[in-house]
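Q: Here it is, the structure, as structure tokens.
Each value in this text was obtained by applying a stated rule to the coordinates, not by laboratory testing. As the structure is a prediction and not an experimental result, all values here were calculated from the model. FYI the Cβ positions are ideal-geometry reconstructions off the backbone, even for glycines, and counts take in every protein chain you see.
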């Protein structure tokens, strides 16, 4: 598949996901207003939304050694991803009916912490669900992610970079996937794909994929 087409596919998926989030945000606001109508005597200030995704740039095949690789930029958040495999699996991880999928997330500096391990689990579950792992029994497929810069939405950017690297590697997949971050401020302002500055005023944050 031509690489410009892969970029277009990811942009299309993110746009569709943003539209779904827009609908989810509308339902959330309606429920919020209904629950608070008594305390506010039926009045509420005008609701606001910021339902646009930051500019996306990507490049595939940036690393020659892996079977697939990509670098993705969402705003100023940058993640590099690489996929190795299907390749030989360690005996303790051998699965006779499917490939063993592993994910490694490397922070920009220092050693991985608890948050990084949680990201690994979420990304691994997402990738494993999308892959047709039964086509590669007794093998391992490794997804490696390197944080280059975090300016908000790091998990979503990592998930999107994983999808691009898997597409570049040629691993068979049931479907493509994408993710986007959504946050809610104290004033009930809903922000899609917030950057680092907007994250400072967000009280609740979600990642949809």
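Q: Using the 10 angstrom Cβ neighbour count as an exposure proxy, how do 186, 149 rank, fewest first?
A: In increasing order of surrounding Cβ atoms, one gets 186, 149.
Q: Post the alpha-carbon centroid distance, the range 55-103 to the range 161-208, in whole angstrom.
A: One Cα centre to the other: 18 Å.
Q: Classify the range 40-176 from the C-alpha gyration tensor, please: rounded if a/c falls under 1.5, else prolate or oblate depending on whether a/b exceeds b/c.
A: Cα axes put the range 40-176 in the prolate bin.
Q: I need 168, 125, 97, 116 ordered by Cβ neighbour count within 10 Å, fewest first.
A: Least crowded to most crowded, the residues run 97, 125, 116, 168.
Q: Using 0.36 nm per residue of separation minus the Cα-Cα distance, give me the extension gain between residue 148 and residue 174 in nm, one decimal.
A: Between residue 148 and residue 174, full extension yields an extra 6.5 nm.
Q: Exposure proxy check: 135, 60, 199 ranked by fewest other beta carbons within 10 Å?
A: 135, 199, 60
Q: Something else about it: At 0.36 nm per residue, and after removing the present C-alpha to C-alpha distance, how many nm does the segment from residue 52 to residue 188 gain when stretched out fully?
A: 47.3 nm
Q: For residue 97 and residue 134 in one chain, what is 0.36 nm times their gap in residues minus the Cα-Cα distance, to one decimal in nm?
A: Extra length available between residue 97 and residue 134 comes to 12.7 nm.
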